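All remarks here apply to the structure that follows.
The values are calculated or read from the model by the stated rules, or taken from the named source; none is laboratory data. Being a predicted model, the structure only gives us computed values, none of them experimental. Because the Cβ atoms are built from the backbone with ideal geometry, glycine has one as well, and the counts that use them run over all protein chains shown. For the accessible areas, the whole protein counts, side chains as well, though only heavy atoms, and no ligand, DNA or RNA atoms are used. Shrake-Rupley method; radii C 1.70, N 1.55, O 1.52, S 1.80 Å.
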Amino acid sequence: VKWSHQVLDEIQASAPLAGPVVTQYRSAVMRCSYLAVDRPELSESVKCLSQAMACPREGHVQKLKHTIRYLLGAKRMACCYRRQDPSEAHLRTYEDSDHAGDLLTRRSTSGVVIMRGKHLLRHMSTLQVPIGLNSSESEYYALVHGAACSLGSQAMHADWGLQVSLTVLSDSSSARAFSKRRGLGKQRHVQTRFLWLQDRVILGHLTILVVKGTENPADFLTKALTRNEIVRSMGWIGLEER
């Protein structure tokens, strides 16, 4: 369920939780967070629910129940690792961003999925630290985050004696173009500490490619989608509801 300003105002106007109910809320959210390690479709919900850990309200409990009802209807999710040709098992990272999706702070969300061939290695849904002033800036920050995690995975494979190539896929043409040029260009408001990606691309340490927004597995990690859309996205990364 995508939160609107009206829903957010209703949550903020609801009474704060008190006593043992606060502990129950925090415990339930942390249980969902534990499950989200193996259940990527919970990542976006857990991210939103975790923001209320300091001062949960009755409205947050209603949102928590949405997640619990989903789990009651989808108790088992299998992550399938089918046999694949090692020569085709290079690293592919999908990233996506939801610009200013957080209605309170106007921070954007970065969604990242790291695959080795058809095998899921890692997924994450996190709020960006800098506040992106436009969609292309938020997408670029997500691209940088995905590239950093991917380079870490590539280094881990190298420690195991496995040399794997690295490709990062984005559905944002502006973020891809910005990563392949030198300097700030028209994006002078982008913080310079994020420009290291340009050097990595030029040096050939990784390749930036395009993926359609409708075929991006990281999409469900950044925003509220329908159940069918979530199931479709999970199918792309080897997850099956059973």
Checklist entry - Going by the structure shown, is V210 among the β-branched types (V, I, T), in contact (Cβ under 8 Å) with a residue 60 or more places away in the chain and out of contact with any Pro (no Cβ under 9 Å at 6 or more places or on another chain)? => result no
Checklist entry - Of all residues in the range 149-169, which are without any contact (Cβ under 8 Å) to a residue 12 or more places away in the chain and in a helix (DSSP H, G or I)? => result G152, A155, M156, A158, D159
Checklist outcome for this item: Log entry, pairs with first residue in the range 123-135 being in contact (Cβ under 8 Å) with a residue 60 or more places away in the chain, second being of a type in the set (D, E) and not in a loop (DSSP other than H, G, I, E, B), beta carbons closer than 7 Å, six or more apart or on different chains, reads S125/E44
Checklist entry - Within the range 209-227, restricting attention to residues that are assigned to a helix (DSSP H, G or I) and not hydrophobic (A, V, I, L, M, F, W, C), which residue is least open to solvent (accessible area, probe 1.4 Å)? => result P217
Checklist entry - In this structure, is T23 open to solvent by 50 Å² or more (accessible area, probe 1.4 Å) and of a type in the set (S, T, Y)? => result yes
Item to check | S97 being closer than 25 Å to R242 by Cβ and either surrounded by 14 or more Cβ atoms within 10 Å (Cβ to Cβ) or aliphatic (A, V, I, L, M) (or both) | outcome: no
Checklist entry - Restricting attention to the range 101-119, and to residues there that are part of a strand (DSSP E or B) and aliphatic (A, V, I, L, M), which single residue is farthest from S45 (Cα to Cα)? => result M115
Checklist entry - Can you find even one residue in the range 175-190 that is within 17 Å of the chain's Cα centre (by Cα), modelled with pLDDT of 90 or more and open to solvent by less than 30 Å² (accessible area, probe 1.4 Å)? => result yes
Next on the checklist: Step by step: first the residues of the range 1-16, then only those that are touching a helix residue (DSSP H, G or I) at 6+ places or on another chain (Cβ under 6 Å) and open to solvent by less than 40 Å² (accessible area, probe 1.4 Å), then the one that is farthest from E240 (Cα to Cα). Which residue is that?
Outcome noted: S14
Checklist entry - Do you know which of the residues in the range 43-82 that are of a type in the set (K, R) and part of a helix (DSSP H, G or I) is surrounded by the most Cβ atoms within 10 Å (Cβ to Cβ)? => result K47
Item to check | Residues satisfying the stated conditions in the range 26-42, i.e. open to solvent by less than 30 Å² (accessible area, probe 1.4 Å) and under 15 Å from V61 (Cβ atoms) | outcome: A28, V29, C32
